[in-house]
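Chemist: Have a look at this one before I ask anything.
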Amino acid sequence: MTLSLFGEPPAPLAQRMRPRTLDEIVGQDALVATLRRLLAAGHLPNLILHGPPGTGKTTLAHMVAAETDAEFIPFSAVSEGVPRLREIVKQAEKLRSAGRRTLLFVDEIHRLNRGQQDFLLPYVESGLLILVGATTEHPGFAINPALLSRSRVLVLAPLEDAAMRTVIHRAAALESLSVEPAAEQMLVDAAAGDARQVLSTLETAARLSASGPITPELVREALQQRVTQYDATVGYEMLSAFHKSLRTSSGSGALYWAMRMIRAGEPPETLFRRLVAAAYEDVGLADPQAGVVATQAMHAWERLGAPEGYLPLANAILYVAQAPKSNRAYLALHAASDAAEQHPDAPVPMHLRNATTGLMRQWGFGKGYQYAHDYEGAYTPMECLPDVLAGAEFYEPSDHGFEREIAERIAGRNVAAREKG
């Protein structure tokens, strides 16, 4: 690789390697096919390009502008604001008068605040601006629903190893580099599907090589320290994996994802909150102690902090993961909620109303009420739902763990009720 000793330095390798046509894009075959169909239709919708760093979001935006003969105007959600957007709108109006469309590319669109997104909405809706936003964050959480509903979301995946090797081979051919197989594998492994990172590391290794072959030692020196990719989207996906591992009774899986998140900088409180939620959602009454264990572990963390506080976290994760599972309480909650939504005005039965005055007793408040403790087993089969829902059962226990005992209690009470009836 030649270096410029005088004048301007060459552009970064990642910039020089940026694909110029859709045919040059690697590793995004399904997305490219979708984009081709959209372009062929002649009506390009607003696009949200969602994916991890180095997968080609900015490149695709440039290509869309070129394919549609639209004016490409970049906007940084990090450093620019509404005044700049106003300038862009004026420029777009002039371009439209001249018969040309404007493509507004918003990098890191998830960083737009609510006011900026609301400002854009009418111009996107009217078609004055073709919006192409790039984000590493989950669009459903980061973008105004009104703006999102007017856009097509295209998801870019991290590049697979074969695509990464293609990127390395193209760069090596462009720069006349010799890359040893072990060094190539190290580049692929370290980049984790990020083409920009692999090209940046390759460029640094080439500068260190003094025109010699790229060896594993040079790649290791170029890397210096591998930085784990972690942002809100990755964190959300890992938190989902953590919860699903608990639900599936995989203690090892749950511990792994918990430690991945903690090592990436996620506050342990995030894990504890999800752990407590899983204990009540997925274990429920099959083991009522699961919620107690998870909550006590969270309190222990608050007292101990790191590193000792990770011990109650691990104990609670393993307990919840290995506990018998039941979501019947969770289902009962939603069934009762649906019933409350469908019958929001059902009156309280007279026998359940509290007769606090003589007039209320004259009206029949409390008439027919049966005090449970006056009956054998402190149980009486008294209807406690409004007439419109009489006889409904929202909770049906499973035969898992402690819920088996609850089911036996309910069955016994039903027998007693039939005998009494």
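The values are calculated or read from the model by the stated rules, or taken from the named source; none is laboratory data. Because the structure is a prediction, the values reported are computed rather than measured. Cβ: placed from backbone, ideal geometry, glycine included. Neighbour counts: every protein chain shown. We work out accessible area using only protein heavy atoms, side chains counted, and drop any ligands, DNA or RNA first. Shrake-Rupley method; radii C 1.70, N 1.55, O 1.52, S 1.80 Å.
Chemist: Among 312, 307, 344, which is at pLDDT 95 or above, open to solvent by 20 Å² or more (accessible area, probe 1.4 Å) and over 30 Å from residue 111 (Cα atoms)? Step through it out loud before you land on a result.
Modeler: Details: 307 fails: at pLDDT 95 or above; 344 fails: at pLDDT 95 or above.
312 is the lone residue from the list that is at pLDDT 95 or above, open to solvent by 20 Å² or more (accessible area, probe 1.4 Å) and over 30 Å from residue 111 (Cα atoms).
Chemist: Return the total of residues in segment 340-364 being among the basic types (Lys, Arg) and either in contact (Cβ under 8 Å) with a residue 12 or more places away in the chain or part of a loop (DSSP other than H, G, I, E, B) (or both).
Modeler: Step one: filter segment 340-364 for residues among the basic types (Lys, Arg), giving 353, 361.
With the extra rule that they be either in contact (Cβ under 8 Å) with a residue 12 or more places away in the chain or part of a loop (DSSP other than H, G, I, E, B) (or both), the set shrinks to 353.
Adding up the residues that qualify gives 1.
Chemist: Continuing with this model, one more query. Please work out if residue 294 is at negative phi, part of a helix (DSSP H, G or I) and touching a His at 6+ places or on another chain (Cβ under 6 Å).
Modeler: Values: at negative phi: yes; part of a helix (DSSP H, G or I): yes; touching a His at 6+ places or on another chain (Cβ under 6 Å): no.
So residue 294 does not fit the description; no.
Chemist: Counting just the residues of segment 351-407 that are over 27 Å from residue 335 (Cβ atoms) and of a type in the set (Asp, Glu), which one comes out modelled with the lowest pLDDT? Give the derivation first.
Modeler: Quick first cut of segment 351-407, residues over 27 Å from residue 335 (Cβ atoms) only: 355-367, 371, 373-376.
Now restrict to residues that are of a type in the set (Asp, Glu): 374, 376.
Values: 374: 91, 376: 86.
Selected residue: 376.
Chemist: With (1) assigned to a loop (DSSP other than H, G, I, E, B); (2) open to solvent by 60 Å² or more (accessible area, probe 1.4 Å); (3) over 25 Å from residue 286 (Cβ atoms) as the list, and residue 393 as the residue in question, which single condition is left unmet?
Modeler: Only one criterion in (1) assigned to a loop (DSSP other than H, G, I, E, B); (2) open to solvent by 60 Å² or more (accessible area, probe 1.4 Å); (3) over 25 Å from residue 286 (Cβ atoms) is unmet by residue 393, namely (3).
Chemist: Can you confirm whether residue 404 is open to solvent by 90 Å² or more (accessible area, probe 1.4 Å), of a type outside the set (Gly, Ala, Ser) and within 30 Å of residue 280 (Cα to Cα)?
Modeler: Values: open to solvent by 90 Å² or more (accessible area, probe 1.4 Å): yes; of a type outside the set (Gly, Ala, Ser): yes; within 30 Å of residue 280 (Cα to Cα): yes.
It is true that residue 404 is open to solvent by 90 Å² or more (accessible area, probe 1.4 Å), of a type outside the set (Gly, Ala, Ser) and within 30 Å of residue 280 (Cα to Cα).
Chemist: Taking only segment 231-284 into account, find how many residues are among the small types (Gly, Ala, Ser), part of a helix (DSSP H, G or I) and under 18 Å from the mean Cα position of the chain (by Cα).
Modeler: Within segment 231-284, the subset among the small types (Gly, Ala, Ser) is 232, 235, 240-241, 245, 249-254, 258, 264-265, 277-279, 284.
Going one step further and asking which of them are part of a helix (DSSP H, G or I), we end up with 232, 235, 240-241, 245, 251-254, 258, 277-279, 284.
Filter once more, keeping what is under 18 Å from the mean Cα position of the chain (by Cα): 232, 235, 240-241, 245, 254, 258, 277-278.
Total satisfying the criteria: 9.
Chemist: Test residue 176 against the criterion of being closer than 30 Å to residue 205 by Cα, open to solvent by 50 Å² or more (accessible area, probe 1.4 Å), modelled with pLDDT under 90 and polar (S, T, N, Q), and give yes or no. Give the derivation first.
Modeler: On the way: closer than 30 Å to residue 205 by Cα: yes; open to solvent by 50 Å² or more (accessible area, probe 1.4 Å): yes; modelled with pLDDT under 90: yes; polar (S, T, N, Q): yes.
Judged against the criteria, residue 176 is a match.
Chemist: Here's a follow-up. Residues 49, 44, 60: which one is part of a strand (DSSP E or B) and either β-branched (Val, Ile, Thr) or open to solvent by less than 50 Å² (accessible area, probe 1.4 Å) (or both)?
Modeler: Numbers: 44 fails: part of a strand (DSSP E or B); 60 fails: part of a strand (DSSP E or B).
Result: 49 is the single residue among 49, 44, 60 that is part of a strand (DSSP E or B) and either β-branched (Val, Ile, Thr) or open to solvent by less than 50 Å² (accessible area, probe 1.4 Å) (or both).
Chemist: Just the residues that are touching a residue at least 40 places away in the same chain (Cβ under 8 Å), among the hydrophobic types (A, V, I, L, M, F, W, C) and outside any loop (DSSP other than H, G, I, E, B), please, taken from segment 402-415.
Modeler: Filtering segment 402-415 down to residues touching a residue at least 40 places away in the same chain (Cβ under 8 Å) leaves 402-403, 406.
Keeping just the survivors that are among the hydrophobic types (A, V, I, L, M, F, W, C) gives 402, 406.
Result: 406, single match.
Chemist: Can you say whether residue 337 is assigned to a loop (DSSP other than H, G, I, E, B) and hydroxyl-bearing (Ser, Thr, Tyr), as far as the supplied structure shows? Working first, answer last.
Modeler: Working: assigned to a loop (DSSP other than H, G, I, E, B): no; hydroxyl-bearing (Ser, Thr, Tyr): yes.
The answer is no for residue 337.
Chemist: In segment 365-389, which residues are of a type in the set (Gly, Ala, Ser) and either in contact with a Pro (Cβ under 9 Å, 6 or more places away or on another chain) or open to solvent by less than 40 Å² (accessible area, probe 1.4 Å) (or both)?
Modeler: 366, 368, 372
Chemist: Still on this structure: Taking the options 258, 286, name whichever one is touching a Pro at 6+ places or on another chain (Cβ under 7 Å) and open to solvent by less than 50 Å² (accessible area, probe 1.4 Å).
Modeler: Values: 258 fails: touching a Pro at 6+ places or on another chain (Cβ under 7 Å).
Only one candidate qualifies: 286.
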